[in-house]
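What follows is a short report on a single structure.
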Amino acid sequence: MGPVTIDIKTSAHEEFVDITEQVQDAIAQIGAVDGVCTIFSPHTTAGLTVNEHADPAVAHDIISFLHDAVPAHRPWTHAEGNSPAHVKASLLGSSVAVIVERGRLHLGTWQGIFFCEFDGPRSRRVWLTFTPSP
Amino acid sequence: MGPVTIDIKTSAHEEFVDITEQVQDAIAQIGAVDGVCTIFSPHTTAGLTVNEHADPAVAHDIISFLHDAVPAHRPWTHAEGNSPAHVKASLLGSSVAVIVERGRLHLGTWQGIFFCEFDGPRSRRVWLTFTPSP
Amino acid sequence: MGPVTIDIKTSAHEEFVDITEQVQDAIAQIGAVDGVCTIFSPHTTAGLTVNEHADPAVAHDIISFLHDAVPAHRPWTHAEGNSPAHVKASLLGSSVAVIVERGRLHLGTWQGIFFCEFDGPRSRRVWLTFTPSP
């Protein structure tokens, strides 16, 4: 079984998009039962993270912290001007793994899965696949 | 097979708890042979990492660095006052993957698996599951 | 099936080594079809990341940013003097997961897999294993 693609449209230069529901829908579509869902970003200026999605202020604070911690102005050598986005992509990582139990994403009470745009707005996508436990 | 839960009691506001042995015990309990163990934190103010557990000074230095790098006082918008813990959780990540070979965690000589508390002390837990190689 | 080892020789104190081809070769050797490749660093002063490998300036900028963000001189307590390398290993992480489709690493156009040396030069290695999708 090949990976499933989820299309994402970001609307700001830096933005976290909650994709928890789309991932859950894909898991159901695959017919996954017990195992691990791997979600992967094929982009080098965006990442993925699992964090609180109950209060949008949490995502805002993470974006704001990273914006200041990885400054636009440094002696960057990559000519495209988006080096901060590449750095942030590596700090958060290109994939997340979430346990699946009886066909449902097994997340904590406050957790959601975020696509982390650092060089938008753009049309983006993530890929996901499922690997079963015995 | 559903995930296994490991209960953790943290005793400080910021603390790394070495859970390597509990993970190894869970792997044995599952009857895992060859594959990947995925360990997941269902909390949004704690993370997981693999690093040196021979010298406790390493964990101390990582905690201390993050404490200064993600300051308590910033124009945080999340009202609970624990935004630094959310940021650190995303920087380290909500899961780690460790290869299992012949029923044993396949770790480097100095490596251990740490639960990374950033907003304790609290009762915490991690979930883990095993996905086999062919 | 046990993990495959890829040997790496780093040539600088801080260096990203593109291991995409060696990982692809290992995937072919294993006979992997559809699933997830987990690549793991058994070292505590090196990490792994997926980022742009078309322009080497991107890796250069990530290394340079981390070099300044995690300074050599701080009240580090770990006596070996390589605490910054331990911190960077945890910030990037000890493993990456890449989806495999029909025996090929399913990466974005500009993505490559990097071994991230932070305390070299040294002889290093990574382990990888494959877990299949249904």
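No value in this document is a laboratory result; all are computed from the given coordinates. For clarity, every value in this text was computed on a predicted model and none was experimentally measured. Glycine gets a Cβ as well: all are built from the backbone with ideal geometry, and neighbour counts include every protein chain shown.
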Checklist (1) out of contact with any Ser or Thr (no Cβ under 7 Å at 6 or more places or on another chain); (2) within 11 Å of chain C (Cβ to nearest Cβ) applied to A:ALA54, failing item: (2)
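This table checks each residue for (1) free of Cβ contacts under 8 Å to residues at least 60 places away in the same chain; (2) among the aliphatic types (A, V, I, L, M); (3) touching an Asp or Glu at 6+ places or on another chain (Cβ under 7 Å).
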position	(1), (2), (3)
C:VAL33	no, yes, no
C:VAL50	no, yes, no
C:GLU80	yes, no, no
C:GLY103	no, no, no
For B:VAL87: the one exception among (1) more than 7 Å from every other protein chain (Cβ to nearest Cβ); (2) over 12 Å from the mean Cα position of the chain (by Cα); (3) within 29 Å of A:PRO56 (Cβ to Cβ): (1)
Residue list for region B:81-134, restricted to those being among the charged types (D, E, K, R), over 21 Å from C:SER95 (Cβ atoms) and surrounded by fewer than 24 Cβ atoms within 10 Å (Cβ to Cβ): B:ASP119, B:ARG122, B:ARG124, B:ARG125
Residue selected from region B:1-16 under the condition assigned to a strand (DSSP E or B) and among the hydrophobic types (A, V, I, L, M, F, W, C), by the criterion nearest to the chain's Cα centre (by Cα): B:PHE16
Residue within region C:17-39 that is among the aliphatic types (A, V, I, L, M), over 12 Å from C:THR129 (Cα atoms), out of contact with any Gly (no Cβ under 8 Å at 6 or more places or on another chain) and not in a loop (DSSP other than H, G, I, E, B) present: yes
Given (1) charged (D, E, K, R); (2) more than 9 Å from every other protein chain (Cβ to nearest Cβ); (3) over 10 Å from the mean Cα position of the chain (by Cα), index of the condition B:GLU117 fails: (3)
Positions within region B:50-67 being surrounded by 22 or more Cβ atoms within 10 Å (Cβ to Cβ) and either among the polar types (S, T, N, Q) or assigned to a loop (DSSP other than H, G, I, E, B) (or both), in sequence order: B:ASN51
Hits in region A:32-44 (condition: more than 8 Å from every other protein chain (Cβ to nearest Cβ) and touching a helix residue (DSSP H, G or I) at 6+ places or on another chain (Cβ under 7 Å)): A:CYS37, A:ILE39
Residues of region B:23-50 satisfying the condition of being within 13 Å of the chain's Cα centre (by Cα) and more than 19 Å from A:ALA97 (Cβ to Cβ): B:THR45
